[in-house]
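Working notes, beginning with the structure itself.
The values are calculated or read from the model by the stated rules, or taken from the named source; none is laboratory data. The model shown is predicted, which means the values in this text are computed figures rather than measured ones. Glycine also receives a Cβ, built like all others from the backbone with ideal geometry; neighbour counts cover every protein chain displayed. These accessible areas exclude ligands, DNA and RNA; they are computed on the full protein's heavy atoms, side chains included. Shrake-Rupley method; radii C 1.70, N 1.55, O 1.52, S 1.80 Å.
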Amino acid sequence: MEEKKPQYKTLSIVIPAYNEAATIEQLIDRVKKAKCFGMQKQIIVVNDCSKDKTKDVVAKIADIKLINQKVNGGKGKALKTGFEAADGDIIMIQDADLEYNPDEYEILLDPILHGTADVVYGSRFMGDHPHRVLYYWHSVGNSFITWLSNMMTNLNISDMETCYKVFKKDVLKQIVPKLTSPRFGFEPEVTARIAHLKPRVQIYEVGISYAGRTYEEGKKINWKDGFEAIYSIIKFNLFR
């Protein structure tokens, strides 16, 4: 991939974390080593009142901004807290587990640095990157939720529920004050709010790899979150 000299100087990486002591140190090490066209990294970890040693593990890592939530508020609330603390010209989301690969940051940043995108989604269902084979019904549910979201937003996104979402700061700052979803309803809410911005922003997707976890390995999302996503799609598209 060609080297760029972007007008963007700093990349803020927001990592919501809840009970991720087993993986977060390795994840942060990979984030620090990840290439991002020479941009300076601001790494923000929002510890959502973890019951394990996540807080202690992160507190020992240098050059990290650690924010400890006072009460457990869920992924959406943790992300909003992280967004409010982000200073970067570009802001991206990174889960605290090892399902998403920081080595692909330049793939995600490329459309923004080329001046063609305002927002980039990393799709697990595009391209030829490797994907771990896991739960069939998860894929069915994900496809349905993405289809319903697309119908409401008039977008043709292939993976609305992806963790990897990258925003130009001036786009994200328009919607952060409006974000209200505390848990996994964040994904359809942020998608709806971006889709309905005026003037319309440029949204791109790029293919990424995916090393999903089993429930035994710490996966947290469940069928209840699917119903929350459906509710959020209807709420934030029809009653925003």
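How long are the three semi-axes of the equivalent ellipsoid of the chain, in whole Å, if each is the root of 5 times an eigenvalue of the C-alpha gyration tensor, listed from largest down? If you can, show how the numbers build up before the last one.
Working: eigenvalues 112, 98, 69 Å².
Equivalent-ellipsoid dimensions as semi-axes: 24, 22, 19 Å.
May I ask which of LYS32/LYS77; LYS32/LYS173; LYS65/LYS173; LYS41/LYS178; LYS51/LYS169 have a Cα-Cα span longer than 22 Å here? Can you show the working numbers first?
Values: LYS32/LYS77 24 Å; LYS32/LYS173 25 Å; LYS65/LYS173 20 Å; LYS41/LYS178 26 Å; LYS51/LYS169 32 Å.
As for pairs spanning more than 22 Å Cα to Cα, those are LYS32/LYS77; LYS32/LYS173; LYS41/LYS178; LYS51/LYS169.
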remark   = When every protein chain stays in place and a 1.4 Å probe is rolled, HIS196, HIS114 sorted by accessible area with the largest first are HIS114, HIS196
task = Quick one: compute the contact order of region 1-112, relative version, from alpha carbon pairs under 8 angstrom and 6+ residues apart, as a percent.
result = 40
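Quote the Stokes-Einstein diffusion coefficient, in whole µm² s⁻¹, for region 135-212, based on the Kirkwood radius over alpha carbon pairs, a temperature of 20 °C and a viscosity of 1.002 mPa s. Mind showing how you got there, number by number?
Working: Rh = 13.5 Å.
Here the translational diffusion coefficient equals 158 µm²/s.
Report the gain in length on full extension from SER143 to LYS41: 0.36 nm times residue separation, minus Cα-Cα distance, nm rounded to one decimal.
Values: separation 102, 0.36 × 102 = 36.72 nm, distance 3.29 nm.
Contour length minus Cα-Cα distance gives 33.4 nm.
For region 120-167, what is the Kirkwood hydrodynamic radius in Å, using each pair of distinct C-alpha atoms? Each step should come with its number before you reach the end.
Details: mean 1/r = 0.0863 Å⁻¹.
With all distinct Cα pairs of region 120-167 included, I get 11.6 Å.
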ask   = Given the Cα-Cα distance of HIS131 and LEU238 and 0.36 nm per residue of separation, how much length would full extension add, in nm?
value = 35.1 nm
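With the full set of protein chains in place, find how many percent of the accessible area of region 19-137 is carbon and sulfur; take the probe as 1.4 Å. Mind showing how you got there, number by number?
Values: 2790 of 5730 Å².
Its accessible area is 49 percent carbon and sulfur atoms.
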request  = Give me the percent of Cα-Cα pairs in region 43-135 that sit more than 17 Å apart, rounded to a whole number.
outcome  = 61
message = Largest first, please: the extent of the C-alpha atoms of region 82-199 along each principal axis, to the nearest Å.
response = 37, 32, 27
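Restricting to Cα atoms and excluding each atom paired with itself, what does the Kirkwood estimate give for region 1-89 in Å?
Working: mean 1/r = 0.0731 Å⁻¹.
The answer is 13.7 Å.
Under a Cβ-Cβ cut-off of 14 Å, what is the net charge of the residues other than GLY127 that fall near it, where Lys and Arg count +1 and Asp and Glu count -1?
Values: positive: ARG124; negative: GLU104, ASP110, ASP128, ASP159, GLU205.
That works out to -4.
With the other protein chains left in place, how much accessible area per residue, in square angstrom, belongs to the chain at a 1.4 angstrom probe? Write out the running numbers ahead of the final one.
Details: 11830 Å² over 240 residues.
It amounts to 49 Å² per residue over the chain.
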task = Could you pull the accessible area for ARG124 with a 1.4 Å probe, rounded to 10 Å²?
result = 30
